[in-house]
Amino acid sequence: MSVWSQVAGWFNDPPPEFVFDIGADEVAISRTRAPHAPREVQLESGVVTPAQGKECVMLPAALAAAVQRLTPEPLKRRTAALLIPDNSVRLAILEFDKFPDKEEERRALVKFRLRKTIPFDVDQAVVSYFQQSGTSVLAAVAPVETVARFEAPLRAAGLQPGLVMPSSVAMLELVREKGLVLVARRGSGVLSVFALRDGVVLLARVLELAAGTTDPLEEIVADLYPTMVYLEDQTGARPSKLIIAGFGDDAEEAEVRLGVELDVPTESIAPRQPGIAGYLASLGVSEKAAA
């Protein structure tokens, strides 16, 4: 069972009718039942400016208008899953000597550990977590206000948001390889990097990319190389594969160049909306249908 399948099981039964993915440069939607056919609306610069612990939705009316354009009419409080930018949420891998059995004690312990590392008040935050293998825990945390601002345009369109999750965590459902793999998703101004071993997240990072770089792939190589060195040092093994997403028309070039410069087999995830595709895959929809 993958990371996403475990998390999705906590929030969705039955699944919502729609899934939205709000990014820094566009909003996308898909039905969770056929026909899926994801659709997008582009956002002007400055409507959404993701940043951990800070205001992300700068122009609420513009975001609401984009969501409204994508939302079928009429709606009577239909449900929707919501995927939000990776860099609006803090992801953390927490290791414990012992993880309590009681939920109240678990949540208190997770919040205690997060309190030391996040740049905002954990008591005024939405905290989700789940136990991976052994006593490893994957946690996601964001200020309550951040989540509320992303949910607001869906509520205004007559939708009831349920699941809220970083887009790239949903995407991980598409990663089915065994062993140690590295996953890199390029977004608007960010690179989200995950290391997984047999579906368990060992590392999660969201790195800023410089604007206007003449050679963006060179910067990405420079970001990924130390991560690979770190993984080899910590695990005693090199990733067997690099899986990339979000490279659009540059995907073929990125596969070749990253594979050569990092000396690792590289392949790309095909769907244009990998977060939505991952969410739909968790519901049993094929990657082809979700593309």
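Just name the residue that is farthest from L43 (Cα to Cα) out of those in the range 173-199 that are of a type in the set (V, I, T) and under 15 Å from the mean Cα position of the chain (by Cα). Walk me through how you get there before you give the answer.
Looking only at the range 173-199, we keep the residues that are of a type in the set (V, I, T), and these are 175, 181, 183, 190, 193.
In the following step, the residues that additionally are under 15 Å from the mean Cα position of the chain (by Cα) were identified as 175, 183, 190, 193.
On the way: V175: 28, V183: 26, V190: 17, V193: 24 Å.
For the range 173-199, the residue satisfying everything is V175.
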- Checking S128 against (1) under 20 Å from R197 (Cβ atoms); (2) in a strand (DSSP E or B); (3) touching a helix residue (DSSP H, G or I) at 6+ places or on another chain (Cβ under 8 Å), which test does it fail? (1)
- Tell me which residues, restricted to the range 92-120, are open to solvent by less than 50 Å² (accessible area, probe 1.4 Å) and in a loop (DSSP other than H, G, I, E, B). F96, F99, P100, I118, F120
- Count of residues meeting criterion [open to solvent by 10 Å² or more (accessible area, probe 1.4 Å) and closer than 18 Å to A170 by Cβ] in the range 131-145: 3
- Within the range 148-165, restricting attention to residues that are modelled with pLDDT of 95 or more and within 17 Å of the chain's Cα centre (by Cα), which residue is surrounded by the most Cβ atoms within 10 Å (Cβ to Cβ)? F150
- Query: Could you give every pair whose Cβ atoms fall below 6 Å, whose first residue belongs to the range 208-235 and is under 17 Å from G259 (Cβ atoms), and whose second residue is assigned to a helix (DSSP H, G or I) and open to solvent by 30 Å² or more (accessible area, probe 1.4 Å), counting only separations of at least 6 or pairs across chains?
  - Reply: L217/R257; V221/E261
- Does any residue of the range 152-170 turn out to be closer than 29 Å to A254 by Cα and in contact with a Ser or Thr (Cβ under 7 Å, 6 or more places away or on another chain)? yes
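Evaluate the following for A237: is it open to solvent by 10 Å² or more (accessible area, probe 1.4 Å) and either over 23 Å from E95 (Cα atoms) or outside any loop (DSSP other than H, G, I, E, B) (or both)? Lay out the reasoning, then the answer.
Numbers: open to solvent by 10 Å² or more (accessible area, probe 1.4 Å): yes; either over 23 Å from E95 (Cα atoms) or outside any loop (DSSP other than H, G, I, E, B) (or both): no.
Judged against the criteria, A237 is not a match.
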- Item | Residues of the range 188-220 classified as open to solvent by 20 Å² or more (accessible area, probe 1.4 Å), within 23 Å of L174 (Cα to Cα) and outside any strand (DSSP E or B), total | 3
- Query: Under the condition of being more than 14 Å from D223 (Cβ to Cβ) and among the acidic types (D, E), which residue from the range 248-264 is surrounded by the most Cβ atoms within 10 Å (Cβ to Cβ)?
  - Reply: E255
- Message: Restricting to the range 12-48, name every residue that is within 22 Å of T79 (Cβ to Cβ), touching a helix residue (DSSP H, G or I) at 6+ places or on another chain (Cβ under 8 Å), outside any loop (DSSP other than H, G, I, E, B) and of a type in the set (A, V, I, L, M, F, W, C).
- Response: V19, F20, I22, V27, A28, I29, V41
- Message: Just to be sure before I move on: is P72 out of contact with any Asp or Glu (no Cβ under 7 Å at 6 or more places or on another chain), open to solvent by 20 Å² or more (accessible area, probe 1.4 Å) and either at pLDDT below 95 or over 21 Å from H36 (Cα atoms) (or both) in the structure I sent?
- Response: yes
- Query: Can you name the number of the only condition in (1) buried (at least 16 other Cβ atoms within 10 Å of the Cβ); (2) modelled with pLDDT under 95 that G284 fails?
  - Reply: (1)
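The values are calculated or read from the model by the stated rules, or taken from the named source; none is laboratory data. Everything quoted here is computed from the prediction, not taken from an experiment. So basically every Cβ, Gly included, is an ideal-geometry build from the backbone, and we count neighbours across all protein chains shown. Quick note on the areas: whole protein, heavy atoms, side chains included, nothing else; ligands and nucleic acids left out. Shrake-Rupley method; radii C 1.70, N 1.55, O 1.52, S 1.80 Å.
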